[in-house]
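Scroll down for the structure; my scribbles are underneath it.
The values are calculated or read from the model by the stated rules, or taken from the named source; none is laboratory data. On a predicted model such as this, the values are computed, not experimentally measured, just so you know. Neighbour counts run over all protein chains shown; Cβ positions are idealised from the backbone, glycine included.
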Amino acid sequence: MDAATTKTIADLIALAGLGLTVLVVSAAMRRRLLVPLGVFAVVFFIGSQVTGLLASPPERGMGNLQKIMYVHVPAAWSFMIAFFIVMVASVLYLWRRQDRYDRVAAAAAEAGAVLTGLALMQGMTWGKPTWGVWWAWGDPRILFTAVVFLIYVGYIALRAFTEDEERRARWSAAVGIVGAINVPIVYGSVRWWRTIHQPQSTPSTVDPAYVIGLRLNAYAFLFLLLFFIALRYRAARAGDVADRILEERALNEETANV
């Protein structure tokens, strides 16, 4: 396949992906469509991984190791999107004081933390045969990504150990905003400082042979991210409703016994 054909297909994938993203967001907001959304996201992810692995040739210098890009890069993009959602939802909660924004922020933080951990592990897997070390302490991108990961692990721990709901939401919103501010630093670190990490891999910077697989997997990870956020949001909402029912039942029993 020549470069012009590859570019055309990649552009069509980008346009179709934008349309699918709108449909996925719409489905995520409807409880009855959550299961079909999950099935679609998983099937699309599997298909994208198979396409990336089979349709692109081994890289000249790194061989098939280069194809780890189809997980590492989309996971990194997706955790940045997740933390942008955390920041927006946290700001909205502090402004409106509505529980739904707190739930969205918490769900996005959980998904983002998983994706950040995945990106770090994939980076280590790629770094050992490429750089000769599992972890390069002097690399700014690796260090700031680790900082973001630890902030959001702390975010999740804070929510787990804070019983007062309003205090938990306020404190975690503050942590979520601070953590999200670090994401642009992660993104720009390879440009702002000397680093052994390669520049950002995007459809415009990689070899044309890898563009289709990279773009497909970018959308695959995005769809999975949106599904997991919707799933965790629904679970949190159901948990809150169950807690209120139990509290009301206990209060009614106490009143009846008086």
Do the conditions hold for residue 146, that is, is it over 26 Å from residue 230 (Cβ atoms), aliphatic (A, V, I, L, M) and free of Cβ contacts under 8 Å to residues at least 60 places away in the same chain?
yes
Scan the range 151-159 and tell me whether some residue there is touching a Gly at 6+ places or on another chain (Cβ under 6 Å), buried (at least 18 other Cβ atoms within 10 Å of the Cβ) and either outside any helix (DSSP H, G or I) or without any contact (Cβ under 8 Å) to a residue 40 or more places away in the chain (or both).
yes
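Let's see how each residue does on (1) surrounded by fewer than 22 Cβ atoms within 10 Å (Cβ to Cβ); (2) under 17 Å from residue 210 (Cα atoms); (3) at pLDDT 85 or above; (4) not acidic (Asp, Glu):
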{"site": "63", "(1), (2), (3), (4)": "yes, yes, no, yes"}
{"site": "67", "(1), (2), (3), (4)": "yes, yes, no, yes"}
{"site": "81", "(1), (2), (3), (4)": "yes, no, yes, yes"}
{"site": "88", "(1), (2), (3), (4)": "yes, no, yes, yes"}
{"site": "91", "(1), (2), (3), (4)": "yes, no, yes, yes"}
{"site": "97", "(1), (2), (3), (4)": "yes, no, yes, yes"}
{"site": "101", "(1), (2), (3), (4)": "yes, no, yes, yes"}
{"site": "106", "(1), (2), (3), (4)": "no, no, yes, yes"}
Could you count how many residues in the range 115-134 are within 13 Å of residue 83 (Cα to Cα) and free of Cβ contacts under 8 Å to residues at least 24 places away in the same chain?
0
Return the residues of the range 236-250 that are modelled with pLDDT of 75 or more and out of contact with any helix residue (DSSP H, G or I) (no Cβ under 8 Å at 6 or more places or on another chain); say none if nothing qualifies.
238, 239, 242, 245
Reported set for the range 188-199 where residues are part of a helix (DSSP H, G or I), surrounded by fewer than 17 Cβ atoms within 10 Å (Cβ to Cβ) and either modelled with pLDDT of 80 or more or under 21 Å from the mean Cα position of the chain (by Cα) (or both) is 188
